[in-house]
Amino acid sequence: MAEQINPDHYKKDIETIDAITSQLSPMENIGGLRWQILKYVMRMGDKHGGTIDACLMDIGKAEWYINRLIKYLNDLKEDKSFIDTPTNVAELFKEKKWKMEMAQYTFLKLSIKF
């Protein structure tokens with residue numbers, strides 16, 4: 001199978017994911033990594049004819065993002081740079097959900113031209 005888990009075209013002087021991560025808050029990084037994990041698990045095997053190799057490729061990609069998330073959370077814990085860390089990180093997303101929904105609404109409202 002030609003597809004790779006972390007292909008060379010993502011790797012430049014700075015890897016694409018590292019460039020993106022550097023521009024996001026901890027909450028955004030955690031959410032982005034969770035999103036990628038869910039994407040690959042939920043579409044497991046949908047590409048390349050649903051073969052076992054296709055399933056393994058998608059699960060391998062999910063695993064790659066899981067490992068990034070584990071490293072990111074461990075780095076935050078060690079660095080103590082995540083100010084006001086909630087006791088349950090999942091609660092952070094629930095508390096901020098209404099703000100994200102409002103931001104999405106505002107973005108959509110500005111994007112739609114009548």
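Read the figures in this text as sums done on the coordinates, not as results from a lab. Since the structure is predicted, the reported quantities are computational estimates derived from the model, not experimental observations. Here the Cβ is made from the backbone with ideal geometry for all residues, glycine too, and neighbour counts use every protein chain on show.
Run through the range 13-82 and list the GluC sites (Glu not before Pro) located in a DSSP loop whose Cβ has at most 14 other Cβ atoms within 10 Å.
Of the GluC sites (Glu not before Pro), the ones in loops of the range 13-82 whose Cβ has at most 14 other Cβ atoms within 10 Å are 15.
Per 0.36 nm of contour for each residue apart, how much would the distance between residue 64 and residue 38 grow if the chain were fully extended, relative to their Cα-Cα spacing?
Roughly 8.1 nm would be gained on extension.
Each label point is 7 Å from the Cα along the Cα-to-Cβ direction; what then is the distance between the points at residue 72 and residue 16, in nm?
Result: 1.6 nm between the two label points.
Only sites in a loop by DSSP and with at most 11 other Cβ atoms within 10 Å count here; which trypsin sites (Lys or Arg not before Pro) in the range 10-61 make the cut?
Loop-located and lightly packed - 12.
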